[in-house]
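Visitor: Here you go, one structure.
The values are calculated or read from the model by the stated rules, or taken from the named source; none is laboratory data. Because the structure is a prediction, the values reported are computed rather than measured. For neighbour counting, all protein chains shown are included, and Cβ atoms are generated from backbone atoms with ideal geometry for every residue, glycine included.
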Amino acid sequence: MKEAKYIITIVMDLNVIPLALQITCLAGNILSRTLLGGRAERNEYLLLHAFTLKDYITPDKKIEKKRDDDGPRRKAAAYTGGLVLDPKKGFYDKLVLLMDFNSLYPSIIQEYNLCFTTVPGAAYAELEQLSIPESNMEPGVIPTEIHKLVKSRQQIKQLMKTPNLSPEQKMDYHIRQMALKLTANSMYGCLGATHCRFYAKNLAALVTAKGREILEDTKHLVEKLQYEVIYGDTDSLMINTNILEYDDVFTIGRKIMREVNNRYKKVELDIDGVFRYLLLLQKKKYAAVTMSKLPNGQIQMTQEHKGLDIVRRDWCPLACDIGKKILDVLLCDHSSETRLEQVVQILQNVAKSVKEGTAPLSSFVITKQLSKNPDAYPHKKQLSHVMVALRLNKAGGRMWKAGDTLPYVICEDGTAVSATERAYHIDEVKNNEKLKVDVNYYLLSQIFPVVLRICEPIEGIDDVFLANNLGLQFVYKPKAIACEAALNLPLAINDNRFNNCLPLTFKCQNERCNKELIIKDTITEFHSGRQLSLSMCSNEDCKVAPWTYANVIQNSVQLAIRKAISKYYNGWLECENPLCSNRTRRLPLDFAKKFPDCSICKDVSMSRVYSGTDLYNQLYYYHKMFDISEPSYKHFVSQCPRDMIAAYNTLKETIDRQLKRNKFSRVNISEIFSSGNTNASGMFVSASSREDFYELEDLSDDTDKEI
């Protein structure tokens, strides 16, 4: 009964029922469906009423078959979203102005009159074929509906300013304006929702494209006004004002607002807030102290965190708590020396408490959710929570399954296996005195990474500084040493032979990520440091390592090799005269100095656009990507599981098979000193030229197999 009471209390406090009723009245659907939370369905009904009143025939509802649990999931709409500007990472102790556009996407729909009724082919044409309607065209149905919602909200907000309103009347107005706001802001979403009756992917893409254009133009305008834009995300900008006076920041903000808002009729930029301190770490990751002026004139300070590790369950409570303490020290009115001293004190205290065992056991608990049943995971030994679930399921009792959140602790159990295999459920640790918390694991793999990411922009704090103060100087290998191999790696980045080679691209197989990964090197700089390129996804929120789907990467390698071979066998020739545009696949009849003459320039030779050397370098480049046998990679390989090394070897062998089939590395002495101009395959050879051409066997046999 208590749980039911809590739910009712939350529903009452949030005014869920009256808010849902107002939204239902606006959309014209059923209250029970509104309470289920389907925004796309609500908007669908609103548009159905609007289009029907205008005598339009609306699209039929698509009925899809239910997907089996093991079947493929539907992918997200494949169009580009909002623009995220590259952040200028650092710690800002001058006031930062935060500005954002009010309801950007609904405003864009009104500004450019975007609708099925105004944009020809909105539901089926490609994005490039869609055009912005003329300014004198009658407003479309969707812009008109959004305008009604916005205007109604403005009227209600004016009513809220009426003096002597009763609390009940004020709350009623608040709920009504909130319903209008939520409905207007979610209108754009139905265009990009694949299951919606009014799904129009490219019309939604046109809206986001205009959003990116507006944000980029605003950034340039702000910079012309001699202010520094340090970050931007979809509909907002962070501007470094380089001043300390709160009121002066608003003067700057109003100046920028005037300049930007004069350009548009419906799109409106506004001041969203002021940061006293800002620690900008990465895209969508920052910590700040927000300033706001109270009615009595006093300035109130509030700390704000976005996307930081301390709010994620991947980290134990102790690591999150230390991260918050470090932020409290950094985001306050102290000198840099005082901040540094306090950081040292925090680190030394936590190291002492962990090593002496005074920290409570609950502070070491890591919680992770099972996204599938434990038996369904392909690489179980690398996932601590999966190993714990399998062991508990085998022992009997509660059966852990997909959707369960499992609490565990990494312990020292007397074995020499990896940390992921030394994870135990919190109850197992409590009931077994022989299990002790792995001190080095928590200091090195939990607390250290969290603090390092927070302190990275702070001058005077680096990884060695943090490791020493956590007592890890004999355990932690500094980046400068651990990545020593980078100085002598024979990689594409350090080898001119591979300057024109194409990187390997493939899609992440995590259904929630689906990001296109680009592999350019054996080693990649990730958010957690330099590692083997297939050790993790470039998306920080994705936990699926690329090497776990090596078969998919192998297919991508085969396709990339096939593409390179096809490009070589196209046999395109081009004139060496930069002013001549002659390109042909036909071998000219006239030769000079054992090279074909250009039929236009006559005395100027022609050369291959994509030579045998280019093809060999491309294949060898792929070989280098997956060759981890170099001594310089020893440090990275030592930290890899066996399955990962096997995946690398499989990919390397795939490329080696192709490399062994060509004759590029074989020198035919008799052919070099022969007087003939061409060899058996019709390829021209010159012993005096800078690059020699040898017969390359058709490598397509291996790539013609089914992939």
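Visitor: Among the listed residues Cys542, Cys483, Cys513, which satisfies the condition of being closer than 17 Å to Tyr633 by Cβ and modelled with pLDDT under 90?
Guide: Details: Cys542 fails: closer than 17 Å to Tyr633 by Cβ; Cys513 fails: closer than 17 Å to Tyr633 by Cβ.
Sole residue among the options that is closer than 17 Å to Tyr633 by Cβ and modelled with pLDDT under 90: Cys483.
Visitor: Kindly list, by first and then second residue, each pair from a residue in the stretch 179-207 that is within 22 Å of Lys61 (Cα to Cα) to a residue that is among the acidic types (Asp, Glu) and part of a loop (DSSP other than H, G, I, E, B), limited to pairs with Cβ atoms under 8 Å and residues at least 6 apart or on different chains.
Guide: Short answer, once both residue conditions are applied: His195/Glu64; Arg197/Asp60; Asn202/Glu126.
Visitor: Then there's this: Given the residues Asn555, Asn570, Asn551, which is the only one that is of a type outside the set (Gly, Ala, Ser) and in contact with a strand residue (DSSP E or B) (Cβ under 9 Å, 6 or more places away or on another chain)? Even if it seems obvious, please write down each step before you answer.
Guide: Numbers: Asn570 fails: in contact with a strand residue (DSSP E or B) (Cβ under 9 Å, 6 or more places away or on another chain); Asn551 fails: in contact with a strand residue (DSSP E or B) (Cβ under 9 Å, 6 or more places away or on another chain).
Unique residue meeting the criteria: Asn555.
Visitor: In addition: Out of Lys181, Lys219, Lys151, report the one residue that is in contact with a helix residue (DSSP H, G or I) (Cβ under 9 Å, 6 or more places away or on another chain) and of a type in the set (D, E, K, R).
Guide: Working: Lys219 fails: in contact with a helix residue (DSSP H, G or I) (Cβ under 9 Å, 6 or more places away or on another chain); Lys151 fails: in contact with a helix residue (DSSP H, G or I) (Cβ under 9 Å, 6 or more places away or on another chain).
Answer to the selection: Lys181.
Visitor: Restricting to the stretch 357-412, what's the tally of residues that are aliphatic (A, V, I, L, M), touching a Phe, Trp or Tyr at 6+ places or on another chain (Cβ under 8 Å) and within 23 Å of Leu444 (Cβ to Cβ)? Steps first, answer last, please.
Guide: Applying the first criterion (aliphatic (A, V, I, L, M)) to the stretch 357-412 yields 359, 361, 365-366, 370, 376, 383, 386-390, 392, 395, 399, 402, 406, 409-410.
Narrowing the set further to residues that are touching a Phe, Trp or Tyr at 6+ places or on another chain (Cβ under 8 Å) leaves 365-366, 370, 383, 386, 388-389, 392, 406, 409-410.
Then keep just the ones that are within 23 Å of Leu444 (Cβ to Cβ); that gives 365-366, 383, 386, 388, 406, 409-410.
Qualifying residue count, the stretch 357-412: 8.
Visitor: Let me confirm something: among Lys434, Lys381, Lys430, which residue is more than 30 Å from Asp462 (Cβ to Cβ) and either at pLDDT 90 or above or within 26 Å of the chain's Cα centre (by Cα) (or both)?
Guide: Of the residues listed, the single one that is more than 30 Å from Asp462 (Cβ to Cβ) and either at pLDDT 90 or above or within 26 Å of the chain's Cα centre (by Cα) (or both) is Lys430.
Visitor: Is the stretch 38-53 home to any residue that is loosely packed, with under 13 Cβ neighbours inside 10 Å and outside any helix (DSSP H, G or I)?
Guide: no
Visitor: Check whether at least one residue in the stretch 228-240 is in a loop (DSSP other than H, G, I, E, B), at pLDDT below 95 and surrounded by 20 or more Cβ atoms within 10 Å (Cβ to Cβ), and report yes or no.
Guide: yes
Visitor: Another question, then. State the number of residues belonging to the stretch 314-341 that are at pLDDT 90 or above, outside any helix (DSSP H, G or I) and either touching a Lys or Arg at 6+ places or on another chain (Cβ under 7 Å) or small (Gly, Ala, Ser) (or both).
Guide: Here the count works out to 0.
Visitor: Restricting attention to the stretch 601-611, and to residues there that are surrounded by 11 or more Cβ atoms within 10 Å (Cβ to Cβ) and either more than 29 Å from Asn499 (Cβ to Cβ) or among the polar types (S, T, N, Q) (or both), which single residue is modelled with the lowest pLDDT? Explain how you work it out, then say what you get.
Guide: Taking the stretch 601-611 first, the residues surrounded by 11 or more Cβ atoms within 10 Å (Cβ to Cβ) are 601, 604-611.
Those still in the list that are either more than 29 Å from Asn499 (Cβ to Cβ) or among the polar types (S, T, N, Q) (or both) too: 605, 607, 611.
Details: Ser605: 78, Ser607: 82, Ser611: 85.
Going through the qualifying residues, I end up with Ser605.
Visitor: For the stretch 268-309, which residues satisfy the criterion of being within 19 Å of Ile239 (Cβ to Cβ), surrounded by fewer than 16 Cβ atoms within 10 Å (Cβ to Cβ) and free of Cβ contacts under 8 Å to residues at least 40 places away in the same chain?
Guide: Matches in the stretch 268-309: Ser292, Glu304, Lys306.
Visitor: Quick test for you: out of Leu95, Leu48, pick the one residue that is over 30 Å from Glu456 (Cβ atoms), of a type outside the set (Val, Ile, Thr) and at pLDDT 90 or above. Spell out how you get there, then give the answer.
Guide: Values: Leu95 fails: over 30 Å from Glu456 (Cβ atoms).
Checking each option against the conditions leaves just Leu48.
Visitor: What is the residue count in the stretch 258-267 for residues that are surrounded by fewer than 16 Cβ atoms within 10 Å (Cβ to Cβ) and under 17 Å from Leu98 (Cα atoms)?
Guide: Residues flagged as surrounded by fewer than 16 Cβ atoms within 10 Å (Cβ to Cβ) and under 17 Å from Leu98 (Cα atoms) within the stretch 258-267 amount to 3.
Visitor: Quick one: count up the residues across the stretch 560-585 that are surrounded by fewer than 15 Cβ atoms within 10 Å (Cβ to Cβ), part of a helix (DSSP H, G or I) and not basic (Lys, Arg).
Guide: Of the residues in the stretch 560-585, 2 are surrounded by fewer than 15 Cβ atoms within 10 Å (Cβ to Cβ), part of a helix (DSSP H, G or I) and not basic (Lys, Arg).
Visitor: With respect to Trp315, determine if the residue is among the aromatic types (Phe, Trp, Tyr), more than 20 Å from Leu280 (Cα to Cα) and in contact (Cβ under 8 Å) with a residue 60 or more places away in the chain. I'd like the intermediate steps shown before the answer.
Guide: Numbers: among the aromatic types (Phe, Trp, Tyr): yes; more than 20 Å from Leu280 (Cα to Cα): yes; in contact (Cβ under 8 Å) with a residue 60 or more places away in the chain: yes.
Here the answer is yes, as Trp315 does meet what is asked.
Visitor: Tally up the residues in the stretch 348-398 that are loosely packed, with under 14 Cβ neighbours inside 10 Å, in a loop (DSSP other than H, G, I, E, B), free of Cβ contacts under 8 Å to residues at least 40 places away in the same chain and not basic (Lys, Arg), please.
Guide: 4
Visitor: Would the stretch 549-559 turn up any residue that is at pLDDT 85 or above and outside any helix (DSSP H, G or I)? Don't jump to the end; show me each part of the working.
Guide: Within the stretch 549-559, the first condition is being at pLDDT 85 or above, and the residues that meet it are 549-559.
From the residues that got through so far, the ones that are outside any helix (DSSP H, G or I) too are none.
For the stretch 549-559, residues at pLDDT 85 or above and outside any helix (DSSP H, G or I): absent.
Visitor: Moving on. Of the residues in the stretch 429-450, how many are among the hydroxyl-bearing types (Ser, Thr, Tyr) and within 12 Å of Tyr476 (Cβ to Cβ)?
Guide: As a first pass, look at the stretch 429-450 and keep what is among the hydroxyl-bearing types (Ser, Thr, Tyr): 441-442, 445.
Filter once more, keeping what is within 12 Å of Tyr476 (Cβ to Cβ): 445.
Summing the residues that are among the hydroxyl-bearing types (Ser, Thr, Tyr) and within 12 Å of Tyr476 (Cβ to Cβ) in the stretch 429-450 gives 1.
Visitor: Checking Asn261 against (1) free of Cβ contacts under 8 Å to residues at least 24 places away in the same chain; (2) out of contact with any strand residue (DSSP E or B) (no Cβ under 7 Å at 6 or more places or on another chain), only one condition comes out false. Which one?
Guide: (2)
Visitor: Can you list residue pairs whose Cβ atoms sit under 7 Å apart, with the first residue in the stretch 158-172 being within 16 Å of Leu19 (Cα to Cα) and the second being surrounded by 13 or more Cβ atoms within 10 Å (Cβ to Cβ)? Count only pairs 6 or more apart in sequence or on different chains.
Guide: If the second residue must be surrounded by 13 or more Cβ atoms within 10 Å (Cβ to Cβ), the pairs left are Lys170/Met160.
Visitor: Right, next: When you scan the stretch 90-134, how many residues do you find that are closer than 30 Å to Leu279 by Cβ, touching a strand residue (DSSP E or B) at 6+ places or on another chain (Cβ under 8 Å) and crowded, with 21+ Cβ neighbours inside 10 Å? Break it down into steps so the answer makes sense when it comes.
Guide: Keep residues of the stretch 90-134 that are closer than 30 Å to Leu279 by Cβ, which gives 90-105.
Going one step further and asking which of them are touching a strand residue (DSSP E or B) at 6+ places or on another chain (Cβ under 8 Å), we end up with 90-102.
Next, only the ones that are crowded, with 21+ Cβ neighbours inside 10 Å stay: 92, 95-97, 99, 101.
Going through the stretch 90-134 one residue at a time, the tally reaches 6.
Visitor: Could you grab the pairs with beta carbons closer than 7 Å, sequence gap of 6+ or different chains, first residue in the stretch 10-34 and without any contact (Cβ under 8 Å) to a residue 40 or more places away in the chain, second one charged (D, E, K, R) and surrounded by 13 or more Cβ atoms within 10 Å (Cβ to Cβ)?
Guide: Asn29/Glu41; Asn29/Arg42; Arg33/Glu41; Thr34/Arg42
Visitor: Then there is this: Hey, does the stretch 615-628 have a residue that's farther than 19 Å from Leu534 by Cα, in a loop (DSSP other than H, G, I, E, B) and either at pLDDT below 85 or in contact with a Cys (Cβ under 8 Å, 6 or more places away or on another chain) (or both)?
Guide: No, the stretch 615-628 has no match at all.
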